[in-house]
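Reading through the C-alpha cells given below for one structure.
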Amino acid sequence: MSQRKNTEVGRFAKPDEIVGFWEMVPFAHPEAINSTNPWSLPHQSFAFYADGIAASVHSTAYRPRSAQSLKTVLDPIKDRSPRYGWKNGFLVITSREEGVADEIWAVNIFLQQSVVRDDTFFPGDLLMSLEDGVSSKPVYYRHLRRLP
C-alpha cells in the first residue's frame, strides 16, 4: 500500500478553525494586493469567539500580543462587537449598528507552508478576502496568524 503525500496547500476554513485570537500579518507588497483599504490602521488583531462574536482592535503602533493579552483587551467590548456566522461557506460579519452592510468574507486556511508573492504563509494561517457584496469579487485581502 503506497502513501500519497497531501499536496493540498489550503482550503476553505471550517467554522471551528477560525475560533481564537489572531493578528494581521502585513503583506510584503500591500499595494499590489489591495487597491483599497477600508481599515487604514496598519496593526490589527482579531478575536472570533465560539459564541459568534467577532471583536477587533486596530492601532498605528505594533504591540506584541499573546492570545491571553488580546483576550484581556477584547473581552470588555464583546457586547458592542459585531456578530459572525456562516452562509453558503462564507463568513458573514454583521455590525450591531443600524444601516451598516454585512461584510462577506471567503476564508481560506493554509495546510502547509507556502510562499505567495513574497509572503510566507504557515500551516493554520488564514487568508481572508472581503467580497464586494454585489458580484462576489474580492476587494480586500487580509492575512491572519493565530496568536500563541
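Any read-out appearing in this document is the output of simple, stated calculations on the displayed coordinates, not a laboratory observation. These figures come from a predicted structure and were not determined experimentally. Don't worry about glycine lacking a Cβ; one is built from the backbone with ideal geometry, like all the others, and counts go over all protein chains shown.
Suppose every K and R has +1 on its Cβ and every D and E has -1 on its Cβ; what is the size of the dipole of the chain about the Cα centre, in Debye to the nearest 20?
I would put it at about 400 debye.
Provide the gained length on full extension for the span R83 to N37, in nm with one decimal, where the gain is 0.36 nm per separating residue minus the Cα-Cα distance. Can you show the working numbers first?
Values: separation 46, 0.36 × 46 = 16.56 nm, distance 2.15 nm.
Taking 0.36 nm per residue and subtracting the Cα distance, the gain is 14.4 nm.
Expressed in nm², what is the orientationally averaged projection area of the convex hull enclosing the Cα positions of region 73-146? Walk me through the numbers on the way to the answer.
Details: hull surface 25.9 nm².
Its Cα hull, projected and averaged over all orientations, spans 6.5 nm².
Shape call for the chain from the C-alpha gyration tensor, a ≥ b ≥ c root eigenvalues: rounded (a/c under 1.5), prolate (a/b greater than b/c) or oblate? Please list the in-between numbers first.
Working: a/c = 1.38, a/b = 1.33, b/c = 1.04.
Judged from the Cα gyration tensor, the chain comes out rounded (a/c under 1.5).
Apply the a/c threshold of 1.5 to the C-alpha gyration tensor of region 57-112 and tell me whether it is rounded, prolate or oblate.
Oblate is the answer for region 57-112, as a/c is 1.5 or above yet b/c matches or exceeds a/b.
Straight-line reach only, C-alpha to C-alpha below 16 angstrom: list the aspartates and glutamates that K14 could link to, leaving out same-chain residues fewer than 8 apart.
Within the straight-line limit of under 16 Å, K14 reaches these aspartates and glutamates: D51, D125.
In bins 10 Å wide, starting from 0, what share of all Cα pairs of region 1-88 does each bin hold, as a percent?
13, 36, 33, 12, 5, 1
Once the dipole of region 79-148 is set up with Lys and Arg at +1 and Asp and Glu at -1 on Cβ about the Cα centre, which of V139, G99, S81 lies farthest towards its positive end?
Farthest towards the positive end: S81.
If you stretched the chain out fully between Q113 and D16, how much longer would it get, using 0.36 nm times the residue separation minus the C-alpha to C-alpha distance?
32.8 nm
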